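S.K.: Below are the C-alpha cells for one structure; questions will follow.
The values are calculated or read from the model by the stated rules, or taken from the named source; none is laboratory data. Here the structure is a predicted model, which is why all the values come from computation and not from measurement. Because the Cβ atoms are built from the backbone with ideal geometry, glycine has one as well, and the counts that use them run over all protein chains shown.
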Amino acid sequence: MKNKIKLHGALKHYLCWPVYLAILLIIVTAFVLFADVRAGLISALGTAVYILIAALVFRRFDPKIINDLVAFSQQYGQVENRILQNLEFPYALLDSGGKLIWGNSKFSEVTGCTAFTGVNIESIFPEISVNRLPSWETGGVSESVVTQNDRIFRVRMEQVEIGDLARKSEILKEVEGEIHLTVLYLHDETELRSYIQQCEDEKPVVGVAYLDNYDEALQSVEDVRRSLLIALIDRKITRYFSEFGGLVKKTEKDKYLILLKKESLEILKTRKFNILDEVKTVNIGNEMSVTLSIGIGLNGSDYLQDYEYSRIAIEMALGRGGDQAVVRDGTSISYYGGKALQMEKNTRVKARVKAQALKEFISSKDSIIVMGHKITDVDALGAAIGIYRAAKTLGKSVHIVVNDPTTSIRPLMAGFIDSPEYEPNLFVDSTHARELVDNNTAVIVVDTNKPSYTECPELLQLSKTIIVLDHHRRGSEVIENAVLSYVEPYASSTCEMVSEILQYFYEGLKLRNIEADCLYAGIIIDTNNFTTRAGVRTFEAAAYLRRNGADVTRVRKMLRDNIDSYKARAEAVRNAEIYQGFFAIGKCPSEGLESPTVVGAQAANELLNINGVKASFVLTAYNDEVYISARAIDEVNVQVLMEKLGGGGHLNIAGAQVRASVDEAEKMLKEIIDEAVSPQEQPAEK
C-alpha cells in the first residue's frame, strides 16, 4: 500500500477550500436548474469548468505545497535544535538509568563532557545518584544542589514520558520499551547563594556577659587595686570582642551587652570562647580568679527575640555553674567551657528571698505535692521531707510522690510510715498523686530540673503552680512553667538548700528528729561524708540540722548496706578498666539487688580513691536501660560528657540513662571519652 502524507488540522481545511466551494456550486446549480432549465444548464457548465480547473491546479501544485511544508518543517526543526543547542543555561536528557543521552553546548561547557553516550550523571555530579532521580511517586520532579568548578548549581530534574514518538527520534533510536526520560536543567546560583551567605554572615548576634564572682574577687584584693582589676577586666573583654568587629557596652558593674555579626560568632565557636580562660589570667594580687559567663542569642524573629534568647542563654550558663558560654540558635543550644567549679556564695540573701517567696506560694494553696526524680534517692527524699515540714507549719495538706522505693530510702521512709504522728497517705504513687491535683494544689519538684526525670511528669501539666528546688546544672531540658525556680549548682545537695530555706521560712518552724535525720542523710550521701563539694554553707546547714536533733549514729545505721550490695560494689571496683590512662570504667552487676543504680553510684565514688584516676564511670543494667554513674575530682567535667549521652548533673557528679546493652553503652562512652581527650574537643549540643 502506497504511503501518503496526510495533512491534519487547520492547514488541511485551508487547502481543501476549492472542494468545499465546488460542493456549494453544485448545490446552487441544482436550485437554478429547478427554477429554469436553460439557466441551470449554463450554471452547470460553469461549475464543471471550475471543478476541472481546480482539479488541474490542485494536481499540479499539491506536491510543491507538500514539499514546501516539509522543507519548512525541517528548517523549523533545525532552528529549534539550534536554539536548544545554544540555550544560555545547561540542559540535558537522561535515560531511566541516569545515563546521559544528549546535552547542549552550555552543558558541555559547564561539565567538560563532550561525548555523552554511556556517561552516567553520577560520574559528573556525585551528588546526583540514581535513587535521587525523579519518579512518579515524587511527582516526577526533584531538585538538588551540586558544585562544579567552584560554581554552585541548582539542579532541577523532571520526568517525562514520550512513548512511540521517541522511538522515531534519531537521537533516541537505541532506547527500547516504555520510554521514561529525565530532563535536567542547571541553574547557576553561585552569586545568589553568595549574597545569601553574605546576608547570613552579617546577621546581628546579641550577647550578654556576666562576671560570676565579681564581689568575691574584689574582696580578695587590696582596696587600692580594685579599680585597676576592674579596668584590666573591662579592657580585656572590650579588646577581645573588638577584634571581631563587635561592640561591647558595660551596662552594670559586672554586666556587659555585646553585639556581633554571625560570622564573628562562628570564629568564636572555633576558638571555644577562649576569652573565658583569658579573663581568669587577670591577676594583680587577687586570691580568687575572675570567671566570666556569656549568653548568645541569634536567629530570632527580631532584635528583641535575639536579646530574649541571650537572656535565657546567660541564665542557663549561670544555672550550670558559670565560667562558660551558652549559645542559643533558635531552639538549638550549644555549650562551651564550664571547666571551673563554681565558687560558693558567702551571702544568704538569695536563700532568704527564695524562702519568703516559697512561703507566699505555699500559703496561697490548700494542698502541696512534692516529688523528686525517678528512683528517688536520699537527697530527694530528705528535701521532700524538709518541704513537708515547711508546708505543715502553715497548716497545709502535703503528699510526697514515691513510686518505687529503693533500699537506700526504705529505712528512712519506715520511720514515717510506722509513726502515728504522720498521715498514712504521706507517701503516694503517681496514680494517686494525679487524683489529688486540683486548681488549689502546688507541685514542688526537688533534686531535678528536667521534667522527664520527675517521678510523675503529668503533674507538671495538671498544676499551674510549680516550684523547682535543685542543685544540678541546667541543661537544654528544663521545667519552663515554674512560678519559682531556685537552682544553685554550687550547693552540695538539695537538702543543704532546703535546710537554709527552713531557717528563713517561718520563725516558729521546728524540725523533728526524724526529719532532721533525713535532711542530714541527704547531705552525707551527696557529699560522700563531707569529702566532695562540701563548702562553708554545707557545714552550716549540717550544724543547723544537728541543733534540730539530727543524730550521726542513727543516720549511719540507716544508710548501711546489705552484704549483696557490698559484694556487687566490690565486684564493680575489682573488674574496673583503666581507659586512656586515667578514666576508670566499671560494670556493676544488678542481679539480686533491689537498688542496683545506687550501688553503681557508690562504686563510682570508690573508684575515685584509686591513685591516678581523674574520672570514674560505672555502668549498671536496670529496667532495660543502662544507668551510667560518673564521678570526677577536679580535672574532668563529667557533666559535659554525660550530656552527650542525654544525661547531666554537676561538673564532678553526673549520670545518664542509655537504652542499649552494657557493651553498646560502654562503646558509646569510650567514643565520647576519646573525643573529649582529643585537642579538638567539640561542644556539647542539644
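S.K.: If we keep just the residues of segment 452-478 that are crowded, with 19+ Cβ neighbours inside 10 Å and of a type in the set (Ser, Thr, Tyr), which is modelled with the lowest pLDDT?
M.R.: Looking at the filtered set, the residue picked out is 453.
S.K.: Do any residues in segment 126-146 that are not assigned by TED's automatic domain parsing to the domain that holds residue 186 have Cβ atoms under 9 Å from those of residues that are at pLDDT 75 or above and surrounded by 13 or more Cβ atoms within 10 Å (Cβ to Cβ), where the two are at least six apart or on different chains, and which pairs are they?
M.R.: none
S.K.: Let me ask you something else. Confirm whether residue 368 is modelled with pLDDT under 85 and part of a strand (DSSP E or B).
M.R.: Working: modelled with pLDDT under 85: no; part of a strand (DSSP E or B): yes.
Taking the combined requirement at face value, the residue does not satisfy it.
S.K.: Right, next: For residue 285, indicate whether it is crowded, with 18+ Cβ neighbours inside 10 Å and small (Gly, Ala, Ser). Talk me through it step by step, then tell me what you get.
M.R.: On the way: crowded, with 18+ Cβ neighbours inside 10 Å: no; small (Gly, Ala, Ser): yes.
So residue 285 does not fit the description; no.
S.K.: Would you say residue 285 is in a loop (DSSP other than H, G, I, E, B) and under 30 Å from residue 480 (Cα atoms)?
M.R.: Working: in a loop (DSSP other than H, G, I, E, B): yes; under 30 Å from residue 480 (Cα atoms): no.
No.
S.K.: With the condition kept exactly as written, say whether any residue in segment 596-613 is touching an Asp or Glu at 6+ places or on another chain (Cβ under 6 Å), closer than 17 Å to residue 653 by Cβ and among the charged types (D, E, K, R).
M.R.: Applying the first criterion (touching an Asp or Glu at 6+ places or on another chain (Cβ under 6 Å)) to segment 596-613 yields none.
Among the residues of segment 596-613, not one is touching an Asp or Glu at 6+ places or on another chain (Cβ under 6 Å), closer than 17 Å to residue 653 by Cβ and among the charged types (D, E, K, R), which makes the answer no.
S.K.: Residue 414: among the hydrophobic types (A, V, I, L, M, F, W, C) and either buried (at least 22 other Cβ atoms within 10 Å of the Cβ) or touching a His at 6+ places or on another chain (Cβ under 6 Å) (or both), yes or no?
M.R.: Criteria not met by residue 414.
S.K.: Scan 595, 629 and give me the residue that is over 28 Å from the mean Cα position of the chain (by Cα) and of a type in the set (Ser, Thr, Tyr). Outline the logic, then answer.
M.R.: Details: 629 fails: over 28 Å from the mean Cα position of the chain (by Cα).
Checking each option against the conditions leaves just 595.
S.K.: Which of (1) touching a residue at least 12 places away in the same chain (Cβ under 8 Å); (2) closer than 30 Å to residue 550 by Cα does residue 424 not meet, given it meets every other one?
M.R.: Result: residue 424 passes all but (1).
S.K.: Another question, if that's okay. Quick test for you: out of 528, 481, 562, pick the one residue that is under 23 Å from residue 650 (Cβ atoms) and at pLDDT below 90.
M.R.: On the way: 481 fails: under 23 Å from residue 650 (Cβ atoms); 562 fails: under 23 Å from residue 650 (Cβ atoms).
Sole residue among the options that is under 23 Å from residue 650 (Cβ atoms) and at pLDDT below 90: 528.
S.K.: For segment 203-219: of the residues being modelled with pLDDT under 85 and surrounded by fewer than 16 Cβ atoms within 10 Å (Cβ to Cβ), which is farthest from residue 307 (Cα to Cα)?
M.R.: Result: 219.
For (1) over 14 Å from residue 186 (Cα atoms); (2) at pLDDT 80 or above; (3) exposed (fewer than 15 other Cβ atoms within 10 Å of the Cβ); (4) in contact with a strand residue (DSSP E or B) (Cβ under 9 Å, 6 or more places away or on another chain), each residue gets a yes or a no:
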position: 45; (1), (2), (3), (4): yes, yes, yes, no
position: 92; (1), (2), (3), (4): no, yes, no, yes
position: 134; (1), (2), (3), (4): yes, no, no, yes
position: 145; (1), (2), (3), (4): no, yes, yes, yes
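S.K.: Quick one: which strands (runs of 3 or more DSSP E) lie wholly within segment 553-642 and hold at least 3 residues that are hydrophobic (A, V, I, L, M, F, W, C) and in contact with a Gly (Cβ under 8 Å, 6 or more places away or on another chain)? Show your work before the answer.
M.R.: Values: elements: 577-579, 583-588, 615-622, 625-632.
Because the criterion is at least 3 residues that are hydrophobic (A, V, I, L, M, F, W, C) and in contact with a Gly (Cβ under 8 Å, 6 or more places away or on another chain), the strands (runs of 3 or more DSSP E) in segment 553-642 that meet it are 615-622.
S.K.: Does segment 415-426 contain any residue that is within 35 Å of the chain's Cα centre (by Cα), outside the structural domain of residue 598 (by TED's automatic domain parsing), part of a loop (DSSP other than H, G, I, E, B) and under 30 Å from residue 562 (Cβ atoms)?
M.R.: Pass one, segment 415-426, residues within 35 Å of the chain's Cα centre (by Cα): none.
The answer is no, given that none of the residues of segment 415-426 is within 35 Å of the chain's Cα centre (by Cα), outside the structural domain of residue 598 (by TED's automatic domain parsing), part of a loop (DSSP other than H, G, I, E, B) and under 30 Å from residue 562 (Cβ atoms).
S.K.: Then there is this: Going by the conditions given, is residue 154 assigned by TED's automatic domain parsing to the domain that holds residue 99 and either more than 15 Å from residue 95 (Cα to Cα) or at pLDDT below 70 (or both)?
M.R.: Values: assigned by TED's automatic domain parsing to the domain that holds residue 99: yes; either more than 15 Å from residue 95 (Cα to Cα) or at pLDDT below 70 (or both): yes.
So residue 154 passes the test.
S.K.: Go through (1) closer than 30 Å to residue 315 by Cβ; (2) among the hydroxyl-bearing types (Ser, Thr, Tyr); (3) not in a strand (DSSP E or B) and name the single condition residue 485 misses.
M.R.: Only one criterion is unmet by residue 485, namely (3).
S.K.: When you look at residue 624, is it in the same structural domain as residue 568 (by TED's automatic domain parsing) and in contact (Cβ under 8 Å) with a residue 60 or more places away in the chain, yes or no? Working first, answer last.
M.R.: Details: in the same structural domain as residue 568 (by TED's automatic domain parsing): yes; in contact (Cβ under 8 Å) with a residue 60 or more places away in the chain: no.
Here the answer is no, as residue 624 does not meet what is asked.
S.K.: Hey, can you tell me all the residues within segment 288-315 that are buried (at least 23 other Cβ atoms within 10 Å of the Cβ) and more than 17 Å from residue 328 (Cα to Cα)?
M.R.: Listed by number, the residues that qualify are 290, 291, 292.
Rundown of residues vs (1) of a type in the set (A, V, I, L, M, F, W, C); (2) buried (at least 24 other Cβ atoms within 10 Å of the Cβ); (3) within 26 Å of residue 491 (Cβ to Cβ); (4) touching a Ser or Thr at 6+ places or on another chain (Cβ under 6 Å), yes/no style:
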site: 615; (1), (2), (3), (4): yes, yes, yes, no
site: 622; (1), (2), (3), (4): no, no, no, yes
site: 628; (1), (2), (3), (4): yes, yes, yes, no
site: 634; (1), (2), (3), (4): no, no, yes, no
site: 638; (1), (2), (3), (4): yes, yes, yes, no
site: 641; (1), (2), (3), (4): yes, yes, yes, no
site: 659; (1), (2), (3), (4): no, no, no, no
site: 663; (1), (2), (3), (4): no, no, no, no
site: 669; (1), (2), (3), (4): yes, yes, no, no
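S.K.: Among the helices (runs of 4 or more DSSP H) lying completely within segment 193-280, list those that include at least 2 residues that are in contact with a strand residue (DSSP E or B) (Cβ under 6 Å, 6 or more places away or on another chain) and aliphatic (A, V, I, L, M).
M.R.: On the way: elements: 214-219, 223-242, 262-270, 275-280.
Counting at least 2 such residues, we get 275-280.
S.K.: Something else about it: Restricting to segment 643-676, name every residue that is assigned to a loop (DSSP other than H, G, I, E, B), more than 18 Å from the chain's Cα centre (by Cα), farther than 17 Å from residue 324 by Cα and of a type outside the set (Lys, Arg).
M.R.: 660, 661
S.K.: Mind telling me which of the residues 636, 677, 613 ends up being within 28 Å of residue 451 (Cα to Cα) and aliphatic (A, V, I, L, M)?
M.R.: Working: 677 fails: within 28 Å of residue 451 (Cα to Cα); 613 fails: within 28 Å of residue 451 (Cα to Cα).
Answer to the check: 636.
S.K.: Tell me, please, whether a residue that is at pLDDT below 90, among the hydroxyl-bearing types (Ser, Thr, Tyr) and loosely packed, with under 14 Cβ neighbours inside 10 Å can be found in segment 235-253.
M.R.: No.
S.K.: Just wondering, is there one or more residues in segment 299-315 that are in contact with a helix residue (DSSP H, G or I) (Cβ under 6 Å, 6 or more places away or on another chain), under 25 Å from residue 473 (Cβ atoms) and not in a loop (DSSP other than H, G, I, E, B)? Walk me through how you get there before you give the answer.
M.R.: Our first condition is that a residue be in contact with a helix residue (DSSP H, G or I) (Cβ under 6 Å, 6 or more places away or on another chain); within segment 299-315, this holds for 300.
Filter once more, keeping what is under 25 Å from residue 473 (Cβ atoms): 300.
Adding the requirement that they be not in a loop (DSSP other than H, G, I, E, B) leaves none.
No, segment 299-315 has no match at all.
S.K.: Under 8 Å between Cβ atoms, at least 6 apart or on separate chains: pull out the pairs that start in segment 591-610 with a residue that is free of Cβ contacts under 8 Å to residues at least 60 places away in the same chain and end on any residue that is acidic (Asp, Glu) and surrounded by 19 or more Cβ atoms within 10 Å (Cβ to Cβ).
M.R.: The qualifying pairs do not exist here.
S.K.: Would you mind telling me which numbered condition in (1) out of contact with any Leu (no Cβ under 9 Å at 6 or more places or on another chain); (2) within 21 Å of residue 472 (Cβ to Cβ); (3) among the hydrophobic types (A, V, I, L, M, F, W, C) residue 615 fails?
M.R.: Looking at each condition in turn, residue 615 falls short on (1).
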